[in-house]
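Quick notes on the structure that follows.
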Amino acid sequence: MMSPFDAATTDFAREISDSGPIAVEGSRTRWTTGGALDPHARTVRAPTGILEHRPEEMTVRVRTGTTVGDLHDRLAESGQRTALLDRGGTVGGAVAVGENAVCVLGRGLVRNSVLQVRYVSAEGRIITGGGPTVKNVTGFDLPRLMVGALGTLGLMAEVILRTNPIAALSQWVVSTDADPFAARSALYRPSAVLWDGSRTWIELEGHAADVEAERRALDSAGSWEVTSGPPSLPPERWSLPPAELRSIDVHDTGRFIASVGVGTVFASKVKPPEPMSPALRELGRRMKSAFDPAGRLNPGRDPAWR
């Protein structure tokens, strides 16, 4: 009987098999996220290639071993991009970690951009969850579950991603006297609002007239100058409720860049681990047990401590 899946996915599932600790190795840009991999785990590589891009539907189907850079180069030919952060890694790595780009207000959340996943289960079976359009999807939301799971619930072979258009004009501005929260409120849809405690950077995107209108709206919040881009970001990533950004303590975070309206804080100090509530820890345990009862998928990694 002919397999309903393409040869690359079938070969990937055969290589993973149904026993023994295993992990997918991409470009290793996020290799230590969530903890060190069990040294006894065998590593495999996900298949590569862009399978289908539908610009009119604003979707792309891509194998997860493809680099984000290659994907974005291909999409740029049609004036499109995705929400995935390009740090030199693969599509699968970006989805598994679930880290949003600094311009998340304009590009959207990674978790919301994954429409379908096709992955290999702990039993070596090929599973498909989600669909190419949101309106056709019912039942359990497997794509969102896989985002940020660090490959501990399934090893992804391909995904369908939502794309969005590359803006006609992108402009970064910076201010030393603006209130970042007032500036955010004055704008319709900035792509990024960043703040380091004394300076505010904003990315405006759209047609030239739209960007100019947003620039005028910012005059109520302070004085602004055009700059070449965002500031360099500290390496650590904290997550805080957006309402708590005003009270960031540099003694805790060190140098920081806060993403206003999002709650992400890029900091120079590692965030101390926060104990997970017993109820959430038990929920995670049950989920892992249901998807991977033998604990063979990416052993040593724990999404709770990303």
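In the chain, which whole DSSP H runs stretch at least 27 Å along their own axis (Cα) and average -0.5 or higher on the Kyte-Doolittle scale? Intermediate results must be reported in sequence, preceding the final value.
Details: long enough: none.
TM-like helix candidates: nothing returned.
Throw me the Rg/Rh for the chain, computed over C-alpha atoms with Kirkwood Rh, two decimals.
Working: Rg = 20.6 Å, Rh = 20.7 Å.
That ratio is 1.00, to two decimals.
Quick one: 3J(HN,Hα) in Hz for the stretch 249-256, Karplus 6.51/-1.76/1.60 with θ = phi - 60°, rounded, Gly and Pro as x.
9, 5, 5, 8, 8, x, 4, 9
Please compute the per residue accessible area over the stretch 131-224 with all protein chains in place, 1.4 Å probe, rounded to a whole number of Å². Show your work: numbers first, answer last.
Numbers: 4240 Å² over 94 residues.
Per residue, the stretch 131-224 has an accessible area of 45 Å².
When the chain is treated as a GNM, springs tying every alpha-carbon pair under 10 Å, which of I22, I127, I257 comes out with the largest mean-square fluctuation?
It is I127.
Would you look at the GNM of the chain, springs on alpha carbons closer than 10 Å, and say which of V62, V173, V270 moves the most?
Greatest mean-square fluctuation among the candidates belongs to V270.
Evaluate Rg over Rh across the stretch 1-56, taking Cα atoms for both radii and Kirkwood's formula for Rh.
On the way: Rg = 14.8 Å, Rh = 13.8 Å.
On the Cα set of the stretch 1-56, Rg over Rh gives 1.07.
What does the net charge come to around W195 if you take all other residues with beta carbon closer than 12 Å to its beta carbon, with K and R at +1 and D and E at -1? Could you put the intermediate results ahead of the total?
Working: positive: R184, R199, R246; negative: D179, D196.
Value of the local net charge: +1.
Show me, for the stretch 158-170, the HN-Hα J-couplings you get by feeding each phi into the Karplus relation (A = 6.51, B = -1.76, C = 1.60, θ = phi - 60°), rounded to Hz, glycine and proline as x.
7, 9, 10, 10, 6, 9, 9, x, 6, 5, 5, 9, 10
If you scale each eigenvalue of the Cα gyration tensor by 5 and take the root, what three semi-axes come out for the stretch 169-306, rounded to whole angstrom and sorted largest first?
Numbers: eigenvalues 277, 60, 35 Å².
After diagonalising the Cα gyration tensor, the semi-axes are 37, 17, 13 Å.
Among L280, L218, L71, which one shows the highest mean-square fluctuation when the chain is modelled as a Gaussian network with alpha-carbon springs under 10 Å?
So, out of L280, L218, L71, the one fluctuating most is L280.
Give the share of C-alpha pairs in each 10 angstrom bin for the stretch 44-167, from 0 to the last occupied bin, in whole percents, shortest bins first.
Result returned by the calculation: 14, 51, 31, 4, 0.
The values are calculated or read from the model by the stated rules, or taken from the named source; none is laboratory data. Source: prediction; values computed, not measured. With ideal geometry, Cβ positions are generated from the backbone for all residues, glycine too; neighbour counts draw on all protein chains shown. We work out accessible area using only protein heavy atoms, side chains counted, and drop any ligands, DNA or RNA first. Shrake-Rupley method; radii C 1.70, N 1.55, O 1.52, S 1.80 Å.
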